[in-house]
1. Summing Lys, Arg as +1 and Asp, Glu as -1, what charge do residues with Cβ under 13 Å from the Cβ of Val226 carry, Val226 excluded?
2. Using packing as a proxy for protection, rank 146-152, 119-125 so that the peptide with the highest average count of other Cβ atoms within 10 Å comes first.
3. For Val53, list long-range residues whose amide hydrogen, built 1.01 Å from N in the peptide plane, is under 5 Å from its own amide hydrogen.
4. Over 19 Å between C-alpha atoms is what I'm after, so list which of Lys42/Lys108; Lys42/Lys123; Lys61/Lys194; Lys108/Lys138; Lys139/Lys220; Lys194/Lys220 land there.
5. Can you tell which of Ala176, Gly131, Gly188 lies farthest toward the positive end of the dipole of segment 104-244, using +1 and -1 charges on the Cβ of basic and acidic side chains (Lys, Arg; Asp, Glu)?
6. Mind ordering 207-220, 158-171 by average Cβ neighbours within 10 Å, highest first?
7. Can you give the local net charge around Phe115? Use residues other than it whose beta-carbon is closer than 12 angstrom to its beta-carbon, Lys and Arg +1, Asp and Glu -1.
8. Once each part is reduced to its C-alpha centroid, what is the distance from segment 92-117 to segment 232-254 in angstrom?
Amino acid sequence: MTTPMHGYRIAALLFTTMLVAACDKNAFQVLPVDSLLASRIKFFNFGVNTPGVNFYADAIKMTAVQSGTGSEATTGVGYGGVGNGGAYSQIAPGSHTLTGRIAAASNKDTAVAIFSATINDGKFYSFYLSGVYDTTTKKTDAFLLEDVYPADIDWSVALVRFVHAIPNASPLTLRAANTVTNDTLAVGGAVAYKSGGTFTALPPGVYNLFARYTDSTTNKLTRTAVSFSGGRVYTIGARGNITVAPTATCPTTSTTCLDNTTNR
């Protein structure tokens with residue numbers, strides 16, 4: 001049985017723990033205990049040659065990478081990476097300034113991109129660093145997309161969206177060819193830089209993906225043997241520099257490729 005005094009001690013301990021976390025310079029996403037925020041956001045570093053960054057909403061650090069010593073690593077979210085292991089982070093609805101800030105000791109906390117955003121209650125979003133990093137100005141591009149997919153799960157299909165984050169590429173259309181049936185489906189329509197298409201239902205299966213300019217039959221980017229499972233939601237992101245030969249895989253290096261990230 002919990003006595004009143006015991007309950008007070010537990011409450012005091014929780015409050016003290018929150019204060020310590022809030023004062024820790026490496027802390028992030030410190031939220032009041034009564035906050036159950038319905039809005040969510042995911043962070044991508046798709047800016048070619050952009051240093052590793054920590055992402056912030058206003059003054060709140062939303063992503064960080066822990067080192068083996070328990071302190072914050074100076075690597076941050078590198079090019080091709082997704083913050084917090086690809087998971088969504090809670091964010092309060094309202095107006096925010098989203099930034100990606102250099103994680104390394106050199107130029108520490110310099111904002112490589114500053115983006116003003118309005119977050120609506122109960123909505124999901126993806127924030128992208130994009131373009132090519134300018135080593136002189138220490139700046140890159142950024143954009144925000146709302147992730148509009150149904151809350152109810154339809155296990156008979158996978159939902160797939162295409163996002164265009166290559167600054168020197170014309171609008172692209174993504175297509176998916178089933179490796180068993182050879183059926184080829186367009187994943188939405190043509191998508192311009194800093195934009196995303198609608199989430200499109202595809203039968204579960206393994207697909208070869210290819211993206212083309214709207215007036216061409218030549219593949220600009222490809223990726224083979226991508227599995228889409230029923231009931232899951234995916235974003236295929238085109239990243240890199242279109243003048244650089246793309247790869248059929250998508251490692252987290254300065255490559256041009258089709259990234260595959262699971263939304264749900």
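1. With Lys, Arg at +1 and Asp, Glu at -1, the neighbours total +2.
2. Listed from highest to lowest mean packing, they are 119-125, 146-152.
3. Val77, Gly78, Ala103
4. Lys42/Lys108; Lys61/Lys194; Lys139/Lys220
5. Gly131
6. 158-171, 207-220
7. Net of charged neighbours comes to 0.
8. If we compute the Cα centre of each part, the gap is 23 Å.
The numbers here are math on the coordinates, done by the rules we state, and not lab data. Here the structure is a predicted model, which means the values were calculated and not measured. Ideal geometry is used to build each Cβ from the backbone, glycine not excepted, and the neighbour counts take in all protein chains shown.
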